[in-house]
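These notes are about the structure you will find just below.
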Amino acid sequence: MTTRDRISPERIEHVGIAVQSLEQAVPLYRDILGLEWLGEEIVESEQVRVAFFRLGEVKVELLEPLSPDSPIARFLEKRGQGIHHIALKVEEIEGELKRLSDSGIQLIHDQPKRGAKGAKVAFIHPQSTKGVLYELCEPRTDRETDR
């Protein structure tokens, strides 16, 4: 694999943690662990309600399913609460996805979709990453408008 074939993540953007209930989980992260509360929102494309916290430069994202059909509900049913994914911040997600695909990496999404805070996101299949679900995340810029 050449340098051109590798993705160029800038840093870990966030760690996604699947939870049954934000009401039960938020107090642990905010009040007991003392992480900085950043807010919550609903991400319709993934059928989840998310809460964000900051820990230094990295965020923690709690994910609560909104329906029994959501990917997070299926994850909870199979594996229980815990770490769901690691999100890597990238600059140009479309190019990164093409490089990965061209290198034979299995993608869950070959095109990005909108995630929390309007970021462009796409997941790499854990079969290609030794069992770890990675999300590529290109944060929304001030120049972008809602789509």
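Bear in mind these aren't lab numbers, they're just calculated from the coordinates by the rules spelled out. None of the values given here were measured: they were computed from a predicted structure. No Cβ is skipped: glycine too gets one built from the backbone with ideal geometry, and neighbour counts run over all protein chains shown.
Using alpha carbons only, how many degrees (0 to 90, rounded to 10) separate the axis of helix 93-102 from the longest principal axis of the chain? The answer is roughly 60 degrees. In the chain, helical runs assigned H by DSSP with n ≥ 4 each contribute -39500 (n - 2.57); averaged across all residues and rounded to the nearest 500, the mean residue ellipticity at 222 nm is -4500 deg cm²/dmol. Using only alpha carbons, segment 55-94 has a radius of gyration to Kirkwood radius ratio (Rg to Rh) of 1.06. Shape descriptor for the chain: Rg over Rh equals 0.97 (Cα atoms; Rh from the Kirkwood inverse mean 1/r). Taking neighbour Cβ counts within 10 Å as the exposure measure, how do 109, 14 sort from fewest upward? Placing the least packed residue first, the sequence is 109, 14. Segment 88-147 and segment 55-74 have Cα centres spaced 16 Å apart. Exposure proxy for 129, 141: other Cβ atoms within 10 Å of each Cβ, ordered fewest to most, give 141, 129.
Exposure proxy ranking for 136, 76, based on other Cβ atoms within 10 angstrom of each Cβ and starting from the fewest, stands as 76, 136.
Over the chain, what is the relative contact order in whole percent, taking alpha-carbon pairs under 8 Å and six or more residues apart? The normalised contact order for the chain reaches 25 percent.
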